[in-house]
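In what follows, a structure is listed as C-alpha cells, so that the remarks can point back to it.
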Amino acid sequence: PHCMEPTPPQPPGRSFSIRVLGVGGAGCNAVTHLCHESREGMQFALLNTDAAALERTPGPRRILIGARSMRGLGAGGDPERGRVAAEEDAAVIRTLCDGADVVFVIAGMGGGTGTGAAPVVARIAREAGALVLGIVVLPFECEGIPRHQRAQHGLHQLKSVADVVISIPNQKLLKLIDEKTSLLEAFKLTNTLVSQGVSGVWRMLTRPGLINVDFADLSAVIRGRHAEGSLAATEARGENRAAIALERLLAHPLIEGGAGLADAGQMLVCIVGGPDLSMRDVSQIVERLSQHADHAHIVMGASIEEEYRERIGITLVASFPAGRLPDPGMAPAGPVSEEPLLRDANLSETVKVPPRFVAPPPETTPEMVRHMASQGGAPRGRRKQSVYKQGMLNLEIVSRGRFEKSEPTIHGGQDLDIPTFVRRGVVLN
C-alpha cells in the first residue's frame, strides 16, 4: 500500500505581547482612540496624575500615579512633579511592562505629567527588557515659547531612554486641515495618526507574510538608537491602489513629500495586500521610497490577507542618526536654562543675555596726574577750550507744515525752535 508522507510540522504562530501606555492627558486621549479596536496581543493602560480627567476618560485600565504626593490634583504643568509621580509608582509601572515584547509610550509634550513622567515610564519599560517606542505630540507654535522649551526638554529626556521616539508636531498638521476645522477635529486627527502607526507595527509583527518582517527586524532598525524616528501608515483601494497609497505615504505630515526620509539610517517597509497583490506593486513602492532614502538600510516585508482584497496598506518605520537636528522654528532641545533668555523674533535660536556689569574706571594717583600734565594733558577738573567753532550745515530747509505760519517760541530771549546744541554752541564730535 502507498504510504502517505507525514505532513511537515507547521511553524508555531507568532505571538507578541504589546503594551500601549498613555501618559498624561494627551497620551490618555490618544490611547482611548486606540482602545475601540480589539487587537490580539495588545493591552492598554492610561496613566495620569489628574484623578478627575482620568475618571472622564474611558479605558480598560486607568492608573492614578503620584496619588500620595499630588492627591489626584494633577502636575500643574510642572514636568518635575510629573517625574516625581512616576517614580512614586515605579513598581506599578514595572508590573505593567513585565513580559512585554514591545511597549509604546504615548504622551503630549509641553505640559506636566506627559513631559515629566513619560521618560520614567520608558526607562522602566526598557529595564523590563521591552523594545520601547515613544510617540509624542509637540505643541502648536501659538502655545508659546516656554511650552515649546519644556516640550523639547522632555523630548530630549525621552530619547535618552527609549529606543526610538516618533514626534508629531501639531503645527505640521495644519497642512491637513482648513480654517473651518474645529479644535476637536484637529486633535482627533492627531489621535488617528498615532492609531495608524501603532496598528501598522502590530500588523507587521503578528501577521505572517510572504516576506516576513519579524521582531528581530524591528529591533535591528530601532533598538538602542536613542534617536528620533518616523512612523507612518497608509491604505488605498481601487485599480491604482499601490500608487495612491504611496502618494498618501509621501504626503504624510511626518514624511513631508519624502524629504523627511533623506537622513534616515534604517528603514523598515511592510506592505500588506490581498491575493491580487502583484510583484510590480511591491517593487514600485520599495524603489520609490529608496529614492528618497538612498543612504538608508531598507528591510522590506510583504504579506497577503484575504480581507485586503483590492486594497493595499503600507507601514513605514524609519530611524535617524542621533545627531539629527530638531525641526526649524522649534525651541532647541535640552534643559531650560535658569539664566535670562533673549529671543529674536526672526531667529530660531535662543541666545544668552550678556551681563550688565560695567567695570569701574581705574584709580588715578597724584603721580599719574603729574605725568599727564607733563605730557600736555589737561589737569583734572578743568575743561579744555575747544578750538572748533560750531557751524551750520548747508542743508535744504524743510517746511514746518501747518506750523509754517506760527510764531516762534521765545523764552528768556531765546528761540526754542532752534536745537539746544546750536543755541549753546556745543561741539559735536
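The values are calculated or read from the model by the stated rules, or taken from the named source; none is laboratory data. Computed from a predicted structure; not experimentally measured. Note that each Cβ is placed from the backbone with ideal geometry, even for glycine, and that neighbours are counted across all protein chains shown. The accessibility values were calculated without ligands, DNA or RNA, using every heavy atom of the protein model including side chains. Shrake-Rupley method; radii C 1.70, N 1.55, O 1.52, S 1.80 Å.
Treating only the Cα positions of the range 28-93 as identical point scatterers, give the base-10 log of I(q)/I(0) from the Debye formula at each q in 0.19, 0.22 Å⁻¹. Debye intensities relative to I(0), on a log10 scale: -0.73, -0.90. Straightening the chain between I418 and I211 buys 65.6 nm, computed as 0.36 nm per residue apart minus the Cα-Cα spacing.
Scattering from the range 249-289 was approximated by placing one identical point on each alpha carbon and applying the Debye formula without solvent; log10 I(q)/I(0) at 0.27 1/Å stands at -1.02. Protein heavy-atom surface of the range 82-150, 1.4 angstrom probe: 52% of the accessible area is carbon and sulfur, with nucleic acids and ligands not counted.
The residues of the range 185-256 expose on average 41 square angstrom of accessible surface per residue, using a 1.4 Å probe on protein heavy atoms. For the range 133-292, the alpha-carbon coordinates run over 51, 41, 28 Å along the three principal axes, in decreasing order.
The C-alpha radius of gyration of the range 34-183, expressed as a fraction of 2.2 N^0.38 Å, stands at 1.05.
Largest accessible area first, the listed residues D78, D217 line up as D78, D217 when surface is computed with a 1.4 Å probe on the assembled protein chains. Across the range 80-146, the convex hull enclosing all Cα atoms gives 68 Å³ per residue. Packing here is the average count of other Cβ atoms within 10 Å per residue, and on that basis the peptides 144-153, 113-122, highest first, run 113-122, 144-153.
Distance between the C-alpha centres of the range 276-291 and the range 220-257: 13 Å, rounded to the whole angstrom.
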